[in-house]
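Below is one structure, written out as structure tokens; comments come after it.
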Amino acid sequence: MAPTSIIESLRQQIASCEAQLRDLRSQLAEAEHSQKEQREQDRLRHATGPSSDPLGHDMTYGIHDDFRSEVFAVLSQVEDERPPPRRWPLDRHEYRRYGRQLIMPEIGLQGQLRLKNASVLIVGVGGLGCPAAAYLAGAGVGTLGLVDGDTVEESNLHRQILHSTGRVGMTKVDSARVALNSLNPNVRLVPHSSRLAPETAISTFQQYDLVLDCTDTPASRYLISDTCVLLGKTLVSASALRTDGQLMVLNNPPRPPGDTSGGPCYRCVFPKPPPPESVVSCGDGGILGPVVGVMGVLQALEAIKVLTRATQSPAESLSAPPPDPPSLLIFSAYSNPMFRSIRLRARKPKCAACSAQASVTSEAVSSGSLDYVQFCGATNPVDALSPSERISVENYAKVRLDVNPFTGMEPSKDSHILVDTREKVQYDLCSLEGSVNIPFSIVSGTSAARARWSDNSQTSGEQDWVSELRRHPDKPIFVVCRLGNDSQLTVKKMKELGLDNGGQRWIGDLKGGLRAWRDVIDKDFPEY
Amino acid sequence: MEGDQTINITLGFLGGLDKLVLGDLDENQMAIRLSSRTETGKNVNLKYLFKHIYDNLLVKSERLVPKRDPRYDENDPGKQLPFEEAASVLIENGKIRGGNLVVINEADWECIADDLAEELGVEVVADEMEISDGDKIEFVTTLHGG
Ligand SMILES: [Zn+2]
């Protein structure tokens, strides 16, 4: 689009928004006015005073005002209490809005009414929660609860489709409310604007029929599953990373702990959490927008299936088809076929949450005595080097630009070696001039023992990067990575490999990595 | 001799395990051949397979090992786990680590163990189930992003 037409289109949008705003203001004024009148009438209706005893009123000139208002009140009450029987179960606009799904046998009128009466809690309004909420709001789910304690960041926008550029910095819950309300104003949106905590989980979940786990940590997955089992709610759980996604419908049907006919819970499938060092977030591992989008959309789909099948009466539940057998759906964007379904076990006889021997109780959850964070383990920040093996970005900037603080020498381009240990794809995005890329995956795959051994046999078979660094034994080596963790492990590895020549050559890392470099030294260095 | 027979099975690694086990290969599957009997003459079972994978297949990625593992302490000789022992997110001390699922011919191995237990009327320990020729055994690690 040419810039002029962009400007024109923006002008038009502003004009239309201003018109909308004017319209809303006049609607508001009207509504306020009629509310005021209503209050005035109510006041008249209820006003009684000894000074104007209505019975003392002379009826010759008509009924006393107080009687009149009483009569009106009675008349209007009759209307309030017995509205004319509705001719159709849905409003006219609802037939229009949901028409395309109403005509499907899977939904139909009964299904739509069930959606309308249903309440769904979405925990996490990110890459999964945004598309899930959008489709559930679109489908006419009566109430949507939104739980998230984060605010919108620019790096969310490629996948978290309810948020927008203009709402960066707003809480995710508020941003989602704006988007969902404009999508379907008939849906009641309930904000829960803080991170889900064990203390609040039960009271938060209680009022909902179904829960969607759209979170991104193992601890929250166990907490959500336990809470759903305790409250008898079905749980639709999904996750995604890089190019892969996983989906399970858990506790389906939702039966009390000990009832083996209930569906398995998260603990049945994964009784033990993953080792914390193996848990990779989207921020570290990356995520393709449509991959997490697919998983969120599938959550909405499973939710609709569960809700429209839900039965109101025991008689109905006998005739209702049983839910699908438990399964794990695996999505893999770069595999063929992309989707696979794995058959899952039934409830585990010794499950800590849903078996007869369950140790997870409401008290244990809400009192905080079940420590989910500890259960899943926490990773400590890497602290592998001594202070003398680390340099601040300020001092490194001096090495590059000013006099070398260690030697007092003038800067020169090849006074040192700067090693960047990010993976190649990240290095290609942006890097410091003159740096060499030695990805951490290659560094960590290099065995110190083997290298030492091969050192004796004249470096035959030694990895290229090691021999390359050996060729410049005098130059100090500075190691940098994204955040300053891998760089420390790399320095350690280099010393194990003997690249420091028994301490003659300085090897160290840049504290805080390229993030610190950008924050302190070079504001233009890209943030990703 | 019967003891010399071999079985062919397919191994698969999903959810990011492919990178760990198979390195930069494009495939997430590999075919392997195993002796059908252990040294003591028993039919090979899953436990045997896990050891085989651990000893022969796992790429030794240090990212998954030291420092970040609370059980590791470089100053305490008792806590300096040998590299192999601390190594993998998949197998530890011969057992599958938390957060991983073993899938045999498209079903959770616990599911197969349950079915087998019902069929035989005895308790079945999942990793003692025997492997048959043609089995497809996959390892799925949980994802947590959202
Ligand atoms: Zn369970």
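The values are calculated or read from the model by the stated rules, or taken from the named source; none is laboratory data. Note that this is a predicted model, so its numbers are computed, not measured. Heads up, the Cβs are rebuilt from the backbone with ideal geometry, glycines too, and the neighbour counts pull from every protein chain shown.
Some values worked out for this structure:
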item: Failed criterion for residue A:232 (all others in (1) away from the ligand (no atom under 16 Å from the Cβ); (2) modelled with pLDDT of 95 or more; (3) surrounded by fewer than 21 Cβ atoms within 10 Å (Cβ to Cβ) hold); result: (1)
item: Tally of residues being charged (D, E, K, R) and in contact with a strand residue (DSSP E or B) (Cβ under 6 Å, 6 or more places away or on another chain) across the range A:222-252; result: 2
item: Test set (1) more than 16 Å from the ligand (Cβ to nearest atom); (2) under 17 Å from the mean Cα position of the chain (by Cα); (3) of a type in the set (D, E, K, R) - residue A:213 fails condition number; result: (1)
item: Qualifying residue in the range A:437-454 (condition: exposed (fewer than 13 other Cβ atoms within 10 Å of the Cβ), modelled with pLDDT under 75 and of a type outside the set (D, E, K, R)); result: yes
item: Set A:146, A:162, A:196: member being of a type in the set (A, V, I, L, M, F, W, C), at pLDDT 95 or above and not in a loop (DSSP other than H, G, I, E, B); result: A:146
item: Flag for residue A:229 being assigned to a helix (DSSP H, G or I), more than 14 Å from chain B (Cβ to nearest Cβ) and touching a residue at least 24 places away in the same chain (Cβ under 8 Å); result: yes
item: Test: residue in the range A:248-265 that is hydrophobic (A, V, I, L, M, F, W, C), touching a Pro at 6+ places or on another chain (Cβ under 8 Å) and in a loop (DSSP other than H, G, I, E, B); result: no
item: Residue within the range A:128-138 that is more than 14 Å from chain B (Cβ to nearest Cβ) and surrounded by fewer than 16 Cβ atoms within 10 Å (Cβ to Cβ) present; result: no
item: Neighbours by Cβ (under 7 Å, 6+ apart or cross-chain): first from the range A:348-363, closer than 23 Å to residue B:118 by Cβ; second of a type outside the set (Ser, Thr, Tyr) and more than 10 Å from the ligand (Cβ to nearest atom); result: A:350/A:357; A:355/A:258; A:356/A:258
item: Search result, residues across the range A:337-373 that are away from the ligand (no atom under 16 Å from the Cβ) and within 11 Å of another protein chain (Cβ to nearest Cβ); result: A:340, A:341, A:342, A:343
item: Subset of the range A:107-135 [hydrophobic (A, V, I, L, M, F, W, C) and farther than 17 Å from residue A:228 by Cβ]; result: A:107, A:109, A:113, A:115, A:125, A:130, A:133, A:134
item: Total residues in the range A:264-300, condition within 16 Å of the ligand (Cβ to nearest atom) and either among the aliphatic types (A, V, I, L, M) or away from chain B (no Cβ under 13 Å) (or both); result: 2
item: Filter result (under 26 Å from residue A:255 (Cα atoms), in contact with an Asp or Glu (Cβ under 8 Å, 6 or more places away or on another chain), aliphatic (A, V, I, L, M) and at pLDDT 95 or above) within the range A:290-341; result: A:307, A:328, A:330
item: Residues (away from the ligand (no atom under 16 Å from the Cβ), of a type outside the set (Val, Ile, Thr), surrounded by 13 or more Cβ atoms within 10 Å (Cβ to Cβ) and within 27 Å of the chain's Cα centre (by Cα)) located in the range A:374-393; result: A:376, A:377
item: Evaluation of residue A:241 against (1) away from the ligand (no atom under 16 Å from the Cβ); (2) among the aliphatic types (A, V, I, L, M); (3) more than 14 Å from chain B (Cβ to nearest Cβ) (one fails), failing number; result: (3)
item: Filter result (of a type outside the set (D, E, K, R), more than 20 Å from the chain's Cα centre (by Cα) and surrounded by fewer than 20 Cβ atoms within 10 Å (Cβ to Cβ)) within the range A:240-293; result: A:253, A:256, A:258, A:260, A:261, A:270, A:271
item: Condition check for residue A:182: within 14 Å of chain B (Cβ to nearest Cβ), of a type in the set (Ser, Thr, Tyr) and within 30 Å of residue A:104 (Cβ to Cβ); result: no
item: Any helices (runs of 4 or more DSSP H) falling wholly within the range B:37-146 and containing at least 1 residues that are modelled with pLDDT of 85 or more and either under 10 Å from the mean Cα position of the chain (by Cα) or facing chain A (nearest Cβ under 7 Å) (or both); result: B:46-56, B:109-120
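Conditions (1) without any contact (Cβ under 8 Å) to a residue 12 or more places away in the chain; (2) in a loop (DSSP other than H, G, I, E, B); (3) in contact with a Lys or Arg (Cβ under 7 Å, 6 or more places away or on another chain), marked per residue:
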site: A:478; (1), (2), (3): no, no, no
site: A:484; (1), (2), (3): no, yes, yes
site: A:495; (1), (2), (3): no, no, no
site: A:499; (1), (2), (3): no, yes, yes
site: A:515; (1), (2), (3): no, no, yes
site: A:518; (1), (2), (3): yes, no, no
site: A:527; (1), (2), (3): no, yes, yes
